[in-house]
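Asker: I am attaching a structure below and will ask some questions about it afterwards.
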Amino acid sequence: MDHTYTPEDLNAVIRQHSEWIAAQLHAQRESLFPPNATKSMRKFTSGEAAALLGVNDSYLRKLHLDGKGPSPELTAGNRRQYTAEDIQALRVLLEKTARKPGDYLPGRRTGPEDGAGYTDHMQIIGVMNFKGGSGKTTTSAHLAQRLALKGYRVLAIDLDPQASLTALHGVQPEFDLKDGGTLFDAIRYDDPAPISSVIRKTYIPNLDLIPGNLELMEFEHDTPRALAQGNAGLFFFRVKEALTQVDSDYDVVVIDCPPQLGFLTMSALSAATGVLVTIHPEMLDVMSMSQFLRMTADLMDVIAQSGADMSHDWMRYLLTRYEPSDAPQNRIVAFLRTMYGEKVLNAQMLKSTAISDAGLTKQTLYEVERSAFTRSTYDRAVESLNAVNDEISQLIQETWGRK
């Protein structure tokens, strides 16, 4: 029997595997969401709507009976259901009679005289980590969606070429972005496009998206070339400069950074007013984070020497995929809290099958129906996510000088 071994071209195998999986994912998406269908946000129970607005359910019922605000849909059991658009309309209505401005619309305040210009600066939050699996994209997606549902005007930017944040929002990178449409178009050196040309509306009011795909890697390749030719300028300001074009349109920008320290990450960090570093509390992850922070500091020193202002409003560590019953994890959490104090968020993102199960259908936990899970599993996961995101919302409010 002939056992001649035939070598294969690695690039051919990898290409074939990538095409197989892309085709399968496309087929799966078409079965879940037919080609002419678009993702939509689920409806909210009256209890959920009241909690998002910060009012009593009985007050919402009274508004409905008095014919004020949008009319919720009534289910067979005569229960009220609100769309995300209804909740936003109620925010606008309630803000008019609020005890203090910002109770229901928590975004930036306009200038005192003619209402032009903002007294609060746009918050740009860079979510980053050097190691995959730390929950970076999950964190970015849930933070952006929660802030939008709470009434902030949010722009989510997928700067990770792997584009998971993009896929979660119903855009399939390899099929829907064949002719560009990522932030690269707005930050490239050669004839950059206006940033508005790559912003897409999502199915959640107040939430817009700039998707990502592999094209973002072009920035990593083009920057050294532009630097060598002396025309890269201050490359690390590219993201910041692009965002100034839409400064008046958003309260908060959430950037899902690439999981490596390249030119994209540095440009995002230079734009950020707040930085959120996700940490999975395992020893190997903490060791790699130590190296990551050292390299980040070295690179930021170089950028600062080139004239960048590296002052930030805040930086926090977020513990992700945390299992309270895991003793070694608890030791690491205690160690990090002792070392970094208030720089570690009080709330932590729990490890939950609900979050990973929702991801199977390219949804966040805010999008799936509660009935799809064991009630206690769902409630525990949502409570943990809300605690994290509302603590970040509180940081934003404090940055703007509000309590």
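Asker: Restricting to segment 230-270, count the residues that are over 29 Å from residue 288 (Cα atoms), open to solvent by 10 Å² or more (accessible area, probe 1.4 Å) and assigned to a helix (DSSP H, G or I).
Answerer: Count: 5.
Asker: Assuming residue 164 fulfils every condition listed in (1) on the phi < 0 side of the Ramachandran plot; (2) open to solvent by less than 20 Å² (accessible area, probe 1.4 Å) apart from one, which condition is it?
Answerer: Here residue 164 meets the rest and fails (2).
Asker: If you don't mind, another one. If you take the residues in segment 139-151 that are open to solvent by 10 Å² or more (accessible area, probe 1.4 Å) and in contact with a helix residue (DSSP H, G or I) (Cβ under 6 Å, 6 or more places away or on another chain), which one is farthest from residue 381 (Cα to Cα)?
Answerer: Our first condition is that a residue be open to solvent by 10 Å² or more (accessible area, probe 1.4 Å); within segment 139-151, this holds for 146, 149-150.
Add one more test, that the residue is in contact with a helix residue (DSSP H, G or I) (Cβ under 6 Å, 6 or more places away or on another chain), and what stays is 146, 149.
On the way: 146: 14, 149: 17 Å.
Of everything passing the filter in segment 139-151, 149 is farthest from residue 381 (Cα to Cα).
Listed here are the residues, each with its yes/no results for (1) among the aliphatic types (A, V, I, L, M); (2) closer than 19 Å to residue 383 by Cβ; (3) modelled with pLDDT of 90 or more.
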position	(1), (2), (3)
318	yes, yes, yes
321	no, yes, yes
328	no, no, yes
333	yes, yes, yes
337	no, no, yes
340	no, no, no
343	no, no, yes
349	yes, yes, yes
357	no, yes, no
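Asker: I would also like to ask the following. Among the residues of segment 206-263, how many are of a type in the set (Asp, Glu), in contact with a Lys or Arg (Cβ under 8 Å, 6 or more places away or on another chain) and closer than 15 Å to residue 164 by Cα?
Answerer: Qualifying residue count, segment 206-263: 1.
Asker: While we're looking at this one, here's another question. Could you grab me the full set of residues in segment 358-367 that are surrounded by fewer than 19 Cβ atoms within 10 Å (Cβ to Cβ) and assigned to a loop (DSSP other than H, G, I, E, B)?
Answerer: Matches in segment 358-367: 361 only.
Asker: Tell me which residues, restricted to segment 58-70, are part of a loop (DSSP other than H, G, I, E, B) and either open to solvent by 90 Å² or more (accessible area, probe 1.4 Å) or within 17 Å of residue 205 (Cβ to Cβ) (or both).
Answerer: 68, 69, 70 - these are the residues of segment 58-70 that are part of a loop (DSSP other than H, G, I, E, B) and either open to solvent by 90 Å² or more (accessible area, probe 1.4 Å) or within 17 Å of residue 205 (Cβ to Cβ) (or both).
Asker: Where in segment 135-215 are the helices (runs of 4 or more DSSP H), entirely inside, with at least 3 residues that are under 16 Å from residue 122 (Cβ atoms)?
Answerer: 136-149
Asker: Let me ask something else about it. Residue by residue through segment 271-296, note down the ones that are part of a helix (DSSP H, G or I) and open to solvent by 50 Å² or more (accessible area, probe 1.4 Å).
Answerer: 283, 284, 287, 290, 291, 294, 295
Asker: Which of (1) open to solvent by 100 Å² or more (accessible area, probe 1.4 Å); (2) in a loop (DSSP other than H, G, I, E, B); (3) at pLDDT below 90; (4) of a type in the set (Lys, Arg) is the odd one out, the single condition residue 39 does not satisfy?
Answerer: It is condition (1) that residue 39 fails.
Asker: Being closer than 19 Å to residue 59 by Cα and either buried (at least 16 other Cβ atoms within 10 Å of the Cβ) or in contact (Cβ under 8 Å) with a residue 12 or more places away in the chain (or both), is that true of even one residue in segment 116-129?
Answerer: Restricting attention to segment 116-129, the residues satisfying the condition of being closer than 19 Å to residue 59 by Cα are none.
No, segment 116-129 has no match at all.
Asker: I'd like to verify a number: residues in segment 368-403 that are open to solvent by 40 Å² or more (accessible area, probe 1.4 Å) and within 13 Å of residue 138 (Cβ to Cβ), how many?
Answerer: Number satisfying all stated conditions: 0.
Asker: What's the total number of residues in segment 276-299 that are out of contact with any Leu (no Cβ under 9 Å at 6 or more places or on another chain), closer than 20 Å to residue 256 by Cα and hydrophobic (A, V, I, L, M, F, W, C)?
Answerer: Count: 3.
Asker: If I filter segment 357-368 for residues that are at negative phi and in contact with a strand residue (DSSP E or B) (Cβ under 6 Å, 6 or more places away or on another chain), do I get at least one hit? Reasoning before the result, please.
Answerer: Residues of segment 357-368 at negative phi: 357-361, 363-368.
After this cut, where a residue has to be in contact with a strand residue (DSSP E or B) (Cβ under 6 Å, 6 or more places away or on another chain) as well, the list is none.
No, that holds for no residue.
Asker: Where residues in segment 167-212 are of a type in the set (Phe, Trp, Tyr) and surrounded by fewer than 19 Cβ atoms within 10 Å (Cβ to Cβ), which of them is nearest to residue 138 (Cα to Cα)?
Answerer: That would be 203.
The values are calculated or read from the model by the stated rules, or taken from the named source; none is laboratory data. Quick caveat: nothing in here was measured; it's all calculated off a predicted structure. Glycine also receives a Cβ, built like all others from the backbone with ideal geometry; neighbour counts cover every protein chain displayed. In case anyone asks, the SASA skips ligands and DNA or RNA and just uses the protein heavy atoms, side chains included. Shrake-Rupley method; radii C 1.70, N 1.55, O 1.52, S 1.80 Å.
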